[in-house]
1. Do you know which residues across the range 326-370 are of a type in the set (A, V, I, L, M, F, W, C) and free of Cβ contacts under 8 Å to residues at least 24 places away in the same chain?
2. Checking Gly356 against (1) closer than 25 Å to Val224 by Cβ; (2) in contact with a Phe, Trp or Tyr (Cβ under 8 Å, 6 or more places away or on another chain), which test does it fail?
3. Which numbered condition in (1) touching a residue at least 60 places away in the same chain (Cβ under 8 Å); (2) surrounded by fewer than 20 Cβ atoms within 10 Å (Cβ to Cβ); (3) in the same structural domain as Gln80 (by TED's automatic domain parsing) is the only one that Asn139 fails?
4. Could you please let me know if Ala133 is hydrophobic (A, V, I, L, M, F, W, C) and either more than 30 Å from Ile320 (Cα to Cα) or surrounded by 21 or more Cβ atoms within 10 Å (Cβ to Cβ) (or both)?
5. Looking at the range 281-339, which of its residues are among the hydrophobic types (A, V, I, L, M, F, W, C), modelled with pLDDT of 95 or more, more than 17 Å from Cys126 (Cα to Cα) and within 18 Å of the chain's Cα centre (by Cα)?
6. In the set Gly354, Gly329, Gly368, which member is surrounded by fewer than 19 Cβ atoms within 10 Å (Cβ to Cβ) and at positive phi?
7. Give me the pairs: first residue in the range 179-193 and within 20 Å of Tyr203 (Cβ to Cβ), second residue acidic (Asp, Glu), beta-carbon distance under 8 Å, and six or more apart or on different chains, which are they?
Amino acid sequence: MRFDRRSVNVGLAAGLATSMLSRSARAADTLKIGMVLPATGPAAAVGGYALAGAKIALDRINKSGGVLGKQLELVTEDDQTTNPGAVLAFSKLAAQPDIIAFLGPVRSTQNHAIANDILKTAKPFCFGGTDPALTKMGNPWMIRFRPNDTYSARVIASYGVETLGKKNWALVHSTDAFGASGNKLLTAALDKLGAKVAIDQGYPNQSQDFTPVVLAIKSSGADVIGSYFTYENDQAIFARQLRQLGVTIPWVGSPTTVAAATLKLAGPALWGTYAVADYATDSSPEAKEFAKLYSAVSSAPPDLQSAWPYDAIGALSIGINKAGSTDPGKIRDAMLSVKGYRGAEGEYNFDQFGDGLHGYNIVRNEKGAIVFDKHIEFTD
């Protein structure tokens with residue numbers, strides 16, 4: 001069965017007559033979803049985007065009658081943009097027995113930090129980190145709502161080599177789980193295409209000066225840049241320093257390159273760059289619909305940070321209704337059986353590992369406007 005936005009609404013249960021219920025009764029008749037997100041720290045703006053996307057989905061579902069005859073309720077905790085903060089935030093949510101499922105961080109490194117606690121809690125955990133290892137660790141509760149970096153690396157390499165005709169690469173990446181994994185996969189993808197890595201530059205998160213990295217790229221002879229930046233502020237600093245030092249070679253980056261926060265911080269320094277993007281407004285009717293809904297509540301452009309929580313709550317609702325229960329195992333099995341669910345980020349067809357998306361969009365930054373080029377889907 002194929003699911004689109006209309007089928008989500010039709011499949012939801014009849015609404016509650018809440019006007020006749022007491023406040024305590026209404027509280028008992030909600031289904032709670034816990035959400036770990038950055039409300040403070042350098043990624044606080046990103047947390048706001050994620051929360052907006054989640055609330056749009058929540059509002060839509062609740063207005064359509066809720067799930068299993070109950071309204072959905074979101075319970076949030078601040079991860080402070082740190083791994084210890086993520087662990088603490090999740091522990092606070094996991095201690096609440098009436099929370100039936102979770103939305104986790106978008107950062108792979110934070111998901112790794114709380115993976116053991118997720119396993120112990122044994123409830124569905126929807127997340128946005130793209131390190132491929134996260135769904136291959138034997139943890140059945142982790143369900144991913146973005147394409148993993150097996151696909152992003154292949155698309156970056158393919159577009160740079162085969163479309164742009166560039167074979168001498170400079171690679172820039174964070175040294176955390178996301179950056180190291182993505183860079184390793186990109187290196188392998190470039191090797192298969194016969195391209196050369198002229199220079200490979202890793203950096204620690206929250207760096208304030210990328211001048212040595214930029215100068216190394218400038219003297220390397222590279223004719224294109226491939227990158228995996230974890231944090232938007234790091235990428236913005238790098239982009240500005242890259243242009244200040246006169247480096248103008250083509251650049252194909254990971255999804256952070258077109259995140260709303262990155263675009264705001266970097267401005268013209270990112271004009272003309274390319275990126276793989278799991279969310280692109282013009283990639284599908286569902287993506288356009290989400291953009292319209294999001295523009296009504298936010299002045300920021302919609303991006304992956306807001307799109308994946310929106311999709312996660314939609315698919316989670318389908319899973320709960322399909323399971324006909326709040327039993328964690330039944331919800332998980334029902335979610336992984338979903339095929340053809342068309343969300344803002346793409347069409348979800350979950351595999352046995354919990355990966356729902358299997359391709360990426362290529363986009364270009366045209367003077368601040370993100371222009372969709374094409375979608376590349378993989379079957380292997």
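1. Going residue by residue through the range 326-370, those that are of a type in the set (A, V, I, L, M, F, W, C) are 331, 334-336, 338, 344, 350, 353, 357, 362-363, 369-370.
Ala334, Ala369 - these are the residues of the range 326-370 that are of a type in the set (A, V, I, L, M, F, W, C) and free of Cβ contacts under 8 Å to residues at least 24 places away in the same chain.
2. Looking at each condition in turn, Gly356 falls short on (1).
3. If we test Asn139 against (1) touching a residue at least 60 places away in the same chain (Cβ under 8 Å); (2) surrounded by fewer than 20 Cβ atoms within 10 Å (Cβ to Cβ); (3) in the same structural domain as Gln80 (by TED's automatic domain parsing), just (1) comes out false.
4. Details: hydrophobic (A, V, I, L, M, F, W, C): yes; either more than 30 Å from Ile320 (Cα to Cα) or surrounded by 21 or more Cβ atoms within 10 Å (Cβ to Cβ) (or both): no.
So Ala133 fails the test.
5. Matches in the range 281-339: Ala287, Phe290, Ala291.
6. On the way: Gly354 fails: surrounded by fewer than 19 Cβ atoms within 10 Å (Cβ to Cβ); Gly329 fails: at positive phi.
Unique residue meeting the criteria: Gly368.
7. Ser181/Asp131; Ser181/Asp149; Gly182/Asp131; Gly182/Asp149; Asn183/Asp200; Leu185/Asp149; Thr187/Asp200
Quick grid of which residues meet (1) under 18 Å from Thr150 (Cβ atoms); (2) in a helix (DSSP H, G or I):
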site	(1), (2)
Ser181	yes, yes
Ala188	yes, yes
Gly194	no, no
Ile225	no, no
Ala266	no, yes
Gly272	no, no
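The values are calculated or read from the model by the stated rules, or taken from the named source; none is laboratory data. Predicted model, so just to flag it, every value in this text is computed and none were measured. We place every Cβ from the backbone using ideal geometry, glycine too, and count neighbours over all the protein chains shown.
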